[in-house]
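The values are calculated or read from the model by the stated rules, or taken from the named source; none is laboratory data. All values derive from a computational prediction rather than experimental measurement. Positions of Cβ are backbone-derived with ideal geometry, glycine not excepted, and every protein chain shown enters the neighbour counts. Surface areas here come from the heavy atoms of the whole protein model, side chains and all, with no ligands, DNA or RNA. Shrake-Rupley method; radii C 1.70, N 1.55, O 1.52, S 1.80 Å.
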Amino acid sequence: MTPADLAAAVVAAVAAAVEGSEHAVAVPETVTVERPRSREHGDYATNVALKLAKPARRPPRDVAEILAAHLRTADGVAAVEVAGPGFLNIRLDAVGRIAAAVVEAGETYGRNSEASGETIDLEFVSANPTGPIHLGGTRWAAVGDALARVLQASGAEVAREYYFNDAGVQIDRFAASLDAAARGAEVPEDGYAGGYISEIAQQVVAGRPGLLEEPEEKRLDAFRRDGVESMFDSIKADLHAFGVDFDVYFSERTLHESGQVDAAVARLQEQGHTYSADGALWLRTTDFGDVKDRVLVKSDGTTTYFTADAAYYLDKRSRGFDRCVYMLGADHHGYVARLKALAACAGDDPQRNIEILIGQLVSLVRDGEPVRMSKRAGTVITLNDLVDAVGVDAARYSLVRSSIDSTLELDLAVLARQTNDNPVFYVQYAHARIASLLRNAAEFGVVLAAPHDVDVSLLTHDRESDLLRSLGDFPRVVASAAELRAPHRIARHLEELAGTYHRFYDACRVLPPGLKTGEEPANELTYARLLLVQATQVVLRNGLGLLGVSAPERM
RNA sequence: GCCCUCGUAGCUCAGUCGGAUAGAGCGACCGCCUCCUAAGCGGUAGGCCACAGGUUCGAUUCCUGUCGGGGGCACCA
C-alpha cells in the first residue's frame, strides 16, 4: 500500500461511516496522511478526525474511534490507534512492497498526474543579450528548468521560454560600447564594460573586415546586429552547458514587426478598459487591483514596454497555453499587479491564466564581506564564474535547494575552496555507494531477483522501514513540488533519503561478509536488501534528474 | 511616503494550505574503519521559530501592528 492508497482508504472510511449514519459530514476529497516524526506514532498518521470533529459536532476522539473501526478493515492496514487529541496512527502490512513497486516502475517512479492536462508556458531567465547571464539569472535558470522538469513529471505539458529585448535603448548602448571597445575608445556613458565587450567587438570586426573605417551609423548598425547575435550565441551556449535549453526564444522586436503590438492595443480597446487622457491611450489596470493605470500608446504615438508585454502575453495565450507562468526576480515584483490586471483587462482569468513567481535575489559575499556587483563596472558574477568555481552539479544544486522566497547568500570563498561543503555531494555519494555495492554483488555472482520474487516481508529492521517510507513519499513530494512551484522540495527529500540510506547502510549489512570467498552464499535477506538498495538508487537518480544534477556511478 | 518580500541553531537554509517532542548540512567537541566507498555513522553542545497583540480546542504556521534585512515606485527599457 502506498501513501496515496492509504489516503484513499481513509476517505473511504469516512464515507463508510457516513453511509452507516455514524456521523454526518461532507466526505472530503483529500485527506492529509503524513509520516509522524516519532515511529511510536505508526507508519503514517492522519489528523482527519480533528478536522471533522467540528462539522460532525462530536469530540475528535469519538470521530477518530469511528474511523479507526472502519480503517482497520481496510486491505493492507495492520493496526490503527487513536492517539493524543484525536490523531489516527496507522501501521501498514507489507510496507516492503514499495521497494518492488519502485524498482518495477524504474525511471517512471515519481511521476504523477497532479498537473495532468495542463498546458504551461514557463518563462524564465529572459535576460537581454547585452551581456552574459549573471548570478541572478543563473538562479532562475536552475530553478526554472527544475520546475519545468517537475511539472512535466506531474503530467503537465510545458514549454520553456526565454523572452528578450533586441531593440531599443539598451541595445543601442550595447552597440555603442562595442564600437568604442573596437576603436580603443573609452566606455561611453551608460555603456557596458567588462571583458566580454571587447571579445564580442573583436568577433564582429573579424567578421566584417574594414568595418572600423565605415561611418559611425554603419558601424553601430553592424555592432547592433552582429553583436546581439554573437552575444546570444554565447548565452545559449552557456545555458546549454548548464543543462538548460529553452524551447522558445522570443524576440520582442518581432512583436512590433508582426503588428501584434498594434493588435494587442486593439484587443484591449475592444474589451473596454481603455481611455484617452493627456494625449495618451491608457489601460485602466486599476479596475483589477493595479496601483495605477498604464500607458499603452504615448502621446507621441509610440508604445511602451508594457504594451509589448501585453502583446507577448496574448501571443502566449494564442499558442494554446492555459497557464502563463513568469519567473521574475524580486526587483520586478512591481510587475505582478500590472500583469495580473493586464490579463483581466484582456478578458482572461487572472487567477488561472497568468501566474507570477517572484524569487528573491542572490547576494554574494566573499569571506563574509559583501561583494558589490555592477554591470557597468564589469564586476558581475556570471553563470560561467559560478560553474568554473564549483561545477555544474554543485552550482545547480546549491541554487535549487532553497526556496525562491529566501534571499540566497553565497560565499564565493567557501564555494571556491570547499566544494564538499555542498549537500549535493552527500546525495550523490549515496548514489555512488549504491552503484558500488551493486557492482560488487554482480562481481560476486549475485544475480538480482525479479522484484516480485523477493520476500520483502524480511525487511523489518527500523532502518529498513525508514527507507521504505521515504521511498514511498517520493511521488507525493514530486506532486507537491509541482503544485507549490517549489522544486527545492525535491532536493530536501533527497537529502533526507540519502541520510536514511547512509544510516541503513551503516546498520544493515547487505552482502554477506563471506560472499566474496564463496563461504557464505546470498540468502533471502540479501535479495530483499538488494531490492531495497536498488529502489533507493532509482529514487535518488530520478530525483537528481528532476533537478538537472547528475547521479554518478563512482565518486 | 506607499507597496512587495523575508526574519527559525554560530553559519547557510528546510519545515508552516493551523496539529503530537521545531529539523538538515556545515562549523565546534567526543567517539567509530581486520568487514559492501569514512565524501559515511553514533553522541554532545547550540532555539523566547524577530517582538507585541488577535483568532482558535491548539499558532513557528493565519490576521493586525512594531522593529530589522532585501527589493520596488516612470507617458524608462
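Temperature 37 °C, viscosity 0.692 mPa s: under these conditions the Stokes-Einstein estimate for region A:47-128, based on its Kirkwood radius over C-alpha pairs, is 199 µm² per second.
Could you do me a favour and compute the accessible area per residue for region A:234-386, 1.4 Å probe, result in Å²?
Working: 7210 Å² over 153 residues.
On a per-residue basis, 47 Å².
Annotation for A:A78 and A:Y335: the two label points, set 7 Å from Cα along the Cα-Cβ direction, are 5.3 nm apart.
Rounded to whole numbers, the Karplus 3J(HN,Hα) couplings from phi for region A:43-54 are 6, 9, 9, 9, 9, 4, 5, 5, 5, 8, 4, 5 Hz, using 6.51 cos²θ - 1.76 cosθ + 1.60 with θ = phi - 60°, and x at Gly and Pro.
Once you have the alpha carbon radius of gyration of region A:423-546, what is it after dividing by 2.2 N^0.38 Å, with N set to its residue count?
Taking N as the residue count of region A:423-546, the ratio is 1.10.
Under a 5 Å amide H cut-off, with hydrogens placed 1.01 Å from N, A:E409 pairs with A:S363 among residues at least 5 apart or on other chains.
Across chain A, Cα-Cα pairs more than 38 Å apart make up 45 percent of the total.
Spacing of the modelled spin labels on A:A24 and A:D453, each 7 Å from Cα toward Cβ, amounts to 5.8 nm. Our summary gives chain A a relative contact order of 17 percent, counting only alpha carbon pairs under 8 angstrom and 6 or more residues apart.
Remark: region A:395-401, residue by residue, has Karplus-estimated 3J(HN,Hα) of 5, 4, 5, 5, 7, 9, 7 Hz, where x stands for each Gly or Pro and the curve is 6.51 cos²θ - 1.76 cosθ + 1.60 at θ = phi - 60°. To the nearest ten degrees, helix A:423-443 and the longest principal axis of the Cα atoms of chain A are 50 degrees apart.
Considered as an equivalent ellipsoid built on the Cα gyration tensor, region A:299-367 has semi-axes of 26, 17, 10 Å, the largest given first.
Could you work out [θ]222 nm for chain A from helices alone, using -39500 (n - 2.57) per DSSP H run of at least four and dividing by all its residues? Round to the nearest 500 deg cm²/dmol.
On the way: 18 runs with 274 residues, N = 555.
So the calculated ellipticity at 222 nm is -16000 deg cm²/dmol.
Using 0.36 nm per residue and subtracting the Cα-Cα separation, the extra length available between A:S258 and A:D245 on full extension is 2.1 nm.
Couplings for region A:98-112, taken from phi via the Karplus curve 6.51 cos²θ - 1.76 cosθ + 1.60 with θ = phi - 60°, read 4, 4, 5, 5, 5, 5, 5, 6, x, 5, 8, 5, x, 5, 8 Hz in order; Gly and Pro are left as x. Looking at chain A, the DSSP beta bridges with both ends there are about 50 percent antiparallel. Compared with the alpha-carbon gap, the fully stretched path from A:E186 to A:E519 is longer by 112.0 nm at 0.36 nm per residue. Of chain A, which part is the longest with no GluC sites (Glu not before Pro) in a loop (DSSP not H, G, I, E, B) and with at most 14 other C-beta atoms within 10 angstrom? With a cap of 14 other Cβ atoms within 10 Å, the longest stretch comes to A:190-518.
So what is the accessible area of region A:423-546 per residue, in Å², with the probe set to 1.4 Å?
40 Å²
Taking Cα atoms only, the orientation of helix A:488-507 departs from the longest principal axis of chain A by about 40 degrees. Compared with the alpha-carbon gap, the fully stretched path from A:E229 to A:T32 is longer by 65.8 nm at 0.36 nm per residue.
With a cut-off of 8 Å between alpha carbons and a minimum separation of six or more residues, what is the relative contact order of region A:169-241 in percent? Could you put the intermediate results ahead of the total?
Values: 64 pairs, mean separation 25.6, N = 73.
It rounds to 35 percent for region A:169-241.
Placing one equal scatterer on every Cα of region A:199-301 and applying the Debye formula, the log10 ratio I(q)/I(0) at q = 0.11, 0.17, 0.20, 0.22 Å⁻¹ is -0.64, -0.89, -0.98, -1.07.
Which values, in whole Å and largest first, are the semi-axes of the equivalent ellipsoid of region A:3-93 obtained as the square root of 5 times each eigenvalue of the Cα gyration tensor? Display every interim value, and only then the final one.
Details: eigenvalues 72, 40, 25 Å².
Working from the Cα gyration tensor, I get semi-axes of 19, 14, 11 Å.
Pop out the carbon and sulfur fraction of the accessible area of region A:21-91 as a percent, whole number, probe 1.4 Å. Each step should come with its number before you reach the end.
Details: 1920 of 4030 Å².
Exposed carbon and sulfur together represent 48 percent of the surface.
Going through the cross-link list A:K298/A:K340; A:K236/A:K298; A:K236/A:K316, which pairs have a Cα-Cα distance over 26 Å in this structure?
On the way: A:K298/A:K340 22 Å; A:K236/A:K298 34 Å; A:K236/A:K316 22 Å.
Pairs exceeding the cut-off: A:K236/A:K298.
A simple spin-label model places the labels of A:S318 and A:A280 2.5 nm from each other, with each point 7 Å out along Cα-to-Cβ. For A:A78, nonlocal amide neighbours, meaning residues 5 or more places apart or on other chains whose placed amide H falls under 5 Å from its own, are A:R91, A:L92, A:D93.
Can you compute the equivalent ellipsoid semi-axes for region A:169-241, i.e. the square root of 5 times each eigenvalue of the Cα gyration tensor, sorted largest first and rounded to whole Å?
Working: eigenvalues 73, 39, 23 Å².
Working from the Cα gyration tensor, I get semi-axes of 19, 14, 11 Å.
Close amide H partners of A:F250, meaning residues 5 or more places away or on another chain with modelled amide H under 5 Å apart, are A:Y162, A:Y163, A:F164. Rounded to the nearest 10 degrees, what's the angle between the helix A:3-19 long axis and the longest principal axis of chain A, both from Cα atoms, 0 to 90? Tilt of helix A:3-19: around 70 degrees.
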